[in-house]
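The values are calculated or read from the model by the stated rules, or taken from the named source; none is laboratory data. Everything quoted here is computed from the prediction, not taken from an experiment. Every residue, glycine as well, gets a Cβ built from its backbone with ideal geometry; the counts of neighbours run over all protein chains shown.
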Amino acid sequence: MSNQGNHEASNQGISADEIALYDRQIRLWGVQAQEKLRSAKILLVTCKALANEIAKNLVLAGVGSLTIIDHEPVTEIDLGAQFFVSQETIGQNRAEAAAPHIRAMNPRVLLNIDTDNVHTKPPEFFGAFDITIATDLDFMTYTNINAACRIASRRFYAAGLHGFYGYVFADLISHDFVIEREKSNVSSHGQETPTRSIVGIATKRENDKVIELVTKREIYSPLLLANSSPLPEEFTRIARKKKQVTPLLSCLRALWEFQRTSNGKLPTFSRSELEVFTTLVNERHRELQLDISSIDSSFLRSFLENLGCELSPVAAFLGGSLAQDVINVLSLREQPLQNLLLFDGEKNIAPIYPLHPIFPPQIEHMASGEHHTTTTTSLPVLNSIPSNGVGP
């Protein structure tokens, strides 16, 4: 592992130079929040297009240290959407090639480059960081890192990019944050959602207004549980809302299941793998209690054709969203992501689904044998995908 960059002792107060450098963002979130950022240790796994955007935003925000781990070399494919590498860096380690450009953005941030394969790291490795952000990995690697972070009581994010599609998942274990609002005559409820509660309220006076400082607590689930959890009843109770649930959720779950049983590989366009993947999507769609009519072969074709691709605009959106959430979490301000954000660049939508093992009544009834109704409707199986993207 190599260390690069200059870094002042994090136990010292923020300097006048730093106040001048970060003036705009200090005006947004205050000096105390900036001090929390400058002492934070972040781990970023895999240095591809999405990680480029995350690193850029976190370094410019002034985090204390950023460690990037990636054992892969730069290839020609990386030049399409990654702005920290170039033709001259082909063959170099991807993280080492990006390091000079990241360091130049903000020399105050301590930049560490690790060229090991993340699979060789012991669980205690992840305990050295306040937040681990794992990008563009397979499902089992995500869950293993997530488990290591949980053991060490460290926050975890998983994020990935597949062409026009992408996702961000957050497991903050238990996270407290403060919301400022003008005092209302309506009393606050202690339990706002199944995962969010109010744990304290303080007040202050600003001019002629009384401002409430409301401390809220969000409880999270690890990715392994979230991936097998049902949608909240608010998404399935009303037929109109159920139809609006993006089929990307079923496709992503099917992809992760495919990877789990195929040593992390992506499905190819072979007939056998297309049939397996289609069956997995069908199963996941039903598990989520979604109407089979809300997904069709054209969406499956589009999703499969985008697998493994990188698009700069999608990377910019997802990377910016994740980095902003990390900043909010570190500064203990604003509502954090709870807990899965999906992005469909073709429809330009980014819904957020809180996925937790909290079963709505109808699923509990089905589990207890009170409901036995099933459907025999199936998704069409994709037998082949033409290279030009035109389906039958």
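Before moving on, here are some points about what is shown:
- Residues in region 326-350 that are touching a strand residue (DSSP E or B) at 6+ places or on another chain (Cβ under 9 Å), surrounded by fewer than 16 Cβ atoms within 10 Å (Cβ to Cβ) and closer than 18 Å to Ser250 by Cβ: Glu346, Ile349.
- Candidates Arg217, Arg253: the one that is out of contact with any strand residue (DSSP E or B) (no Cβ under 7 Å at 6 or more places or on another chain) and within 30 Å of Ala55 (Cβ to Cβ) is Arg253.
- Of residues in region 242-270 being surrounded by 13 or more Cβ atoms within 10 Å (Cβ to Cβ) and among the basic types (Lys, Arg), the one modelled with the highest pLDDT: Arg253
- Among (1) at pLDDT 90 or above; (2) under 24 Å from the mean Cα position of the chain (by Cα); (3) not basic (Lys, Arg) - the single one Val199 does not satisfy: (2)
- Screening Phe317 against (1) touching a helix residue (DSSP H, G or I) at 6+ places or on another chain (Cβ under 6 Å); (2) in the same structural domain as Val168 (by TED's automatic domain parsing) leaves a single unmet condition, (1).
- Of the strands (runs of 3 or more DSSP E) lying entirely inside region 94-179, those containing at least 1 residues that are in contact (Cβ under 8 Å) with a residue 24 or more places away in the chain and small (Gly, Ala, Ser) span 131-135, 155-162, 165-171.
- Looking across region 271-285 at every residue that is touching a residue at least 40 places away in the same chain (Cβ under 8 Å) and surrounded by fewer than 20 Cβ atoms within 10 Å (Cβ to Cβ), the one that is nearest to the chain's Cα centre (by Cα) is identified as Thr279.
- Of the residues making up region 39-63, those that are surrounded by 21 or more Cβ atoms within 10 Å (Cβ to Cβ), outside any strand (DSSP E or B) and not charged (D, E, K, R) number 14.
- Test: residue in region 120-131 that is polar (S, T, N, Q) and over 22 Å from Leu60 (Cα atoms): yes
- Of all the listed residues (Val186, Val168), the sole one being of a type in the set (A, V, I, L, M, F, W, C) and closer than 28 Å to Gly320 by Cα is Val168.
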